[in-house]
1. Just need a number here: residues in segment A:165-179 that are of a type in the set (A, V, I, L, M), crowded, with 24+ Cβ neighbours inside 10 Å and at the interface with chain B (Cβ under 9 Å from one of its Cβ atoms).
2. Looking for something crowded, with 18+ Cβ neighbours inside 10 Å, in contact with an Asp or Glu (Cβ under 9 Å, 6 or more places away or on another chain) and not aliphatic (A, V, I, L, M) - is there at least one such residue anywhere in segment A:180-191?
3. For segment B:173-188, which positions are touching a strand residue (DSSP E or B) at 6+ places or on another chain (Cβ under 7 Å) and at negative phi?
4. B:Y310: in contact with a Gly (Cβ under 9 Å, 6 or more places away or on another chain), of a type in the set (F, W, Y) and surrounded by 13 or more Cβ atoms within 10 Å (Cβ to Cβ), yes or no?
5. Just give me the residues in segment B:136-185 being of a type in the set (V, I, T), closer than 19 Å to B:L88 by Cα and buried (at least 18 other Cβ atoms within 10 Å of the Cβ), in sequence order.
6. Checking the condition closer than 29 Å to A:T169 by Cβ, away from every other protein chain (no Cβ under 11 Å) and in a helix (DSSP H, G or I), which residue from A:L258, A:L270, A:L199, A:L263 passes?
7. So the check is Cβ under 7 Å with 6+ separation or different chains; which pairs have a first residue in segment B:230-251 that's at the interface with chain A (Cβ under 7 Å from one of its Cβ atoms) and crowded, with 16+ Cβ neighbours inside 10 Å and a second one that's part of a helix (DSSP H, G or I) and of a type in the set (D, E)?
8. For A:V34, indicate whether it is closer than 22 Å to B:Y226 by Cα and facing chain B (nearest Cβ under 10 Å).
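The values are calculated or read from the model by the stated rules, or taken from the named source; none is laboratory data. Because the structure is a prediction, the values reported are computed rather than measured. Note that we place each Cβ from the backbone using ideal geometry, even for glycine, and neighbour counts take in every protein chain shown.
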Amino acid sequence: MPPPIYAGPVERTWYYSFRVICGLIFFFLIAPIVVIIPLSFNAQPYFTFTPEMLSFDPAGYSTKWYKEFLNSTNWQQAVENSIIIAIFSTILATFLGTVAALGLSRSVMPYRTVIMAILISPMIVPLIISAAGMYFFYSTIGLQGTYLGIILAHTALGTPFVVITVTATLVGFDHSLTRAAANLGADPVRTFFKVIVPLILPGVISGALFAFITSFDEVVIIIFVGSIEQRTIPWQMFSGIRENISPTILAVASLLILFSVTLLTTIELLRRRSERLRGLSPG
Amino acid sequence: MAEAASTDYNVMTTADGTPLKVSLDRALRRSKTKAILLVAPLFLFILFSFLVPIFDMLFRSVENQIVANSLPLTVQAIEDWDPAASDLPPEPVFQAMVEDIKVGAANRTIGRVGTRLNYELSGMSSLFRKSARGVEDIEGPPYSEQLIEIDEDWADPDVWKLIQRESGPFTISYYLAAVDYALSPDGEIVSQPEYAQIYVNLFIRTLWLSLLITGLCLLLGYPISYLLAILPTRTSNLLMIMVLLPFWTSLLVRTTSWIALLQQEGVINDILVWTGLISDGGRLAMIHNQTGTIIAMTHILLPFMVLPLYSVMKTIPKSYMRAAMSLGANPLLAFVRVYMPNTVAGIGAGSILVFIISIGYYITPALVGGTSGTLISNFIAYHMSSSLNWGLAAALGSILLAVVLALYLLYDKIVGIDNMKLG
């Protein structure tokens, strides 16, 4: 989109310099993420581009950090733990959050705003404070350093996202549809699965994805409430950066970027589908 | 009678004869119960897994049972002692102390009370440790002389005043310590010695860095949000990926990449040396200090500024600017007087969001902050896991929590939690 033809020289200059400034800001946003990927193929244990890499010499590149990641038992355990903890807390958070959102979106619900504020509070309270509270309390009741403790903590952190996304989907929900279903002879359970679920599914899935990424990416709680036995990928990265920073971390980071690109695409597709279903935009 | 009968006829009834009002009330009650039952599981879950721990932390910041539990006899005996009347407590208090230390040394709890009292008066920890070893030899009276022989600190009235003061179930000393104050032996609130004053400065630094990061995010976020809002949807959706990809990328990945970029042998320094802007010996220290924290956190929090700004700017009709310009305003005036006032809600929402997140940030300052770039949360973590002064960690956490909740109420006033948008 070129500047309008009536623009004077000052406006023209501003038009292009504004775009250059924005380009630089976008570069600031994206460059640190993109730069990780070539660096992770460094043949040397450095965090910068070696002369061989800059001259595109194949000898400067290697996949040895990826091999190290795949062969390390610590990393394997971290991946395993991350997936187990994230899956269990996502299932719990999605179930509890969706059911609560269904109740919250009914106009008859008493003290709606107060309860909503309480249910969302895990998202507002800084993680270090949640971690402190949970660390003290879970130590006294013996949940500190257990998988159960971590899963409960991550579920608590994930539910606000499910509540928010599902409530947002229910805002446009036409309640005469459930009455119509009942009128046509469907019992409440059938109505729920055949009418309500398909309509709120995009909200549920994106809430679940948020809950999953919250758990998968979470590091403060895991450091304090967990122990070395429950090490997850972020835990391993955190201690790796603190103790012996090795390019294996860059390889893991690159894989995680690939993972978030996949997630981002999924969410974008879901959002479009949801908007199309609710007739908010032509797609 | 006739009147009553006629009203009966006027009452509308449902098919089975119950008055409509009663039937409606019942239906309403039933659907209300249903709604409550749907919300109840999550509410109870949040209560036990999240709210109870938070309240436990708040309680821990004033809780003070360790002295009363570890020195039960002393606490009872010292209750009636009047420090103004006599320098040292009477003989029975010394006897109670000897017995308490004997019990405490046997079941190894005496170290904890020493650690606890050491937060108030240094030397208390070693006093109790030394006494626990020596107290075995005390068989009978006179207790006071023998105890003072083990450690002459027992002849210091301040030690006894401290024990008397801290024998209650609650204390404000953690909060005082969290704002660089302490109780003097006579129970007056005095400021800590200069070298020990760290927390007020730390709070100020945390607020200042958060403000700076918020300002930088606004400065960088405003232009690109504007560009995203005025570009055709297809182009802006494509550019939006540049904002969303960092948003969805793991926090640790982004912190790692900033370490790779900013460190002395890192990419940015290498480029600067290669272009000749700096010499090889003059590589910039951009990490493990405040600069590192500011750069990395601005990058991490920028999407939180762009998303609310963009969603507000998207709703401002383009005709506003055109109208202002057709009425004679130059583009700059039209932008400042017409466009910007319309974005105030977005600026408020984004700024408070970024500010709230940054004052409680832990991971990035811990990894790239060094000593000058650490925030209050890093000290909370330090007292939780290294110094084990849980009371002080809880007090610092409670103050931080109060600040965040106040800001959150402000956010709720401006945006409303129901309007919070994700992604």
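1. Quick first cut of segment A:165-179, residues of a type in the set (A, V, I, L, M) only: A:166, A:168, A:170-171, A:177.
Imposing the further condition that a residue be crowded, with 24+ Cβ neighbours inside 10 Å reduces the set to A:166.
Applying the additional criterion that residues be at the interface with chain B (Cβ under 9 Å from one of its Cβ atoms) yields none.
Count: 0.
2. No, there is no match, as no residue in segment A:180-191 is crowded, with 18+ Cβ neighbours inside 10 Å, in contact with an Asp or Glu (Cβ under 9 Å, 6 or more places away or on another chain) and not aliphatic (A, V, I, L, M).
3. Within segment B:173-188, the first condition is being touching a strand residue (DSSP E or B) at 6+ places or on another chain (Cβ under 7 Å), and the residues that meet it are B:173, B:176, B:180-184.
Within segment B:173-188, B:S173, B:L176, B:Y181, B:A182, B:L183, B:S184 meet the criteria.
4. Numbers: in contact with a Gly (Cβ under 9 Å, 6 or more places away or on another chain): yes; of a type in the set (F, W, Y): yes; surrounded by 13 or more Cβ atoms within 10 Å (Cβ to Cβ): yes.
It is true that B:Y310 is in contact with a Gly (Cβ under 9 Å, 6 or more places away or on another chain), of a type in the set (F, W, Y) and surrounded by 13 or more Cβ atoms within 10 Å (Cβ to Cβ).
5. Step one: of segment B:136-185, the residues of a type in the set (V, I, T) are B:138, B:148, B:150, B:159, B:163, B:171-172, B:179.
In the following step, the residues that additionally are closer than 19 Å to B:L88 by Cα were identified as B:148, B:150, B:159, B:163.
Across segment B:136-185, the qualifying residues are B:I150, B:V159, B:I163.
6. Numbers: A:L258 fails: away from every other protein chain (no Cβ under 11 Å); A:L270 fails: away from every other protein chain (no Cβ under 11 Å); A:L263 fails: away from every other protein chain (no Cβ under 11 Å).
Only one candidate passes the filter, namely A:L199.
7. If the second residue must be part of a helix (DSSP H, G or I) and of a type in the set (D, E), the pairs left are B:S250/A:D217; B:L251/A:D217.
8. On the way: closer than 22 Å to B:Y226 by Cα: no; facing chain B (nearest Cβ under 10 Å): yes.
Spelling it out, it is not the case that A:V34 is closer than 22 Å to B:Y226 by Cα and facing chain B (nearest Cβ under 10 Å).
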